[in-house]
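Enquirer: Provided herewith is a single structure, encoded as structure tokens, for subsequent inquiry.
The values are calculated or read from the model by the stated rules, or taken from the named source; none is laboratory data. All figures in this text were calculated on a predicted structure; none of them were measured in a lab. Glycine gets a Cβ as well: all are built from the backbone with ideal geometry, and neighbour counts include every protein chain shown.
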Amino acid sequence: MAASPENVELAYKLIRDQIILTNRRLIFIDKQGVTGKKVEYRSIPYKSVTNFSIETAGHLDLDAEMKIWISGIAEPIKKQFSKGANIL
């Protein structure tokens, strides 16, 4: 039986980075260094996500924050979103 195709469900452009959510996995694209020429691509299947949290921006906050915990990794992945981003 052929696997179903992978489809992009949502995508977010952060200041320099990107987050892509497909029907199968999360993809983090992290530009590094001053020039941004070095790029880390991180693919995380949903079955590896153990927990997540979203903190929306308040009246005085400039950004919102998403944290994603991955099995086998103690510290969560943290990403900042601009105040107007619809992350819910």
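Enquirer: Cβ-Cβ under 6 Å, sequence separation 6+ or interchain: first residue in the range 32-50 and loosely packed, with under 11 Cβ neighbours inside 10 Å, partner among the acidic types (Asp, Glu) and at pLDDT below 95. Which pairs?
Expert: 40/30
Enquirer: Also, I was wondering about something else. Being over 15 Å from residue 78 (Cα atoms), out of contact with any Ser or Thr (no Cβ under 9 Å at 6 or more places or on another chain) and surrounded by 10 or more Cβ atoms within 10 Å (Cβ to Cβ) is the requirement here; does residue 5 meet it? Don't jump to the end; show me each part of the working.
Expert: Values: over 15 Å from residue 78 (Cα atoms): yes; out of contact with any Ser or Thr (no Cβ under 9 Å at 6 or more places or on another chain): yes; surrounded by 10 or more Cβ atoms within 10 Å (Cβ to Cβ): no.
Considered against the rule, which asks whether it is over 15 Å from residue 78 (Cα atoms), out of contact with any Ser or Thr (no Cβ under 9 Å at 6 or more places or on another chain) and surrounded by 10 or more Cβ atoms within 10 Å (Cβ to Cβ), residue 5 comes out as no.
Enquirer: Could you list, in sequence order, all residues of the range 71-85 that are surrounded by 15 or more Cβ atoms within 10 Å (Cβ to Cβ), in a loop (DSSP other than H, G, I, E, B) and modelled with pLDDT under 90?
Expert: Passing the criteria: only 85.
Enquirer: Return only the number of the condition from (1) exposed (fewer than 11 other Cβ atoms within 10 Å of the Cβ); (2) modelled with pLDDT of 85 or more that residue 53 does not satisfy.
Expert: So the condition that residue 53 fails would be (1).
Enquirer: Could you tell me whether residue 22 is at pLDDT below 95, under 23 Å from residue 82 (Cβ atoms) and not aliphatic (A, V, I, L, M)? Outline the logic, then answer.
Expert: Details: at pLDDT below 95: no; under 23 Å from residue 82 (Cβ atoms): yes; not aliphatic (A, V, I, L, M): yes.
In short, no.
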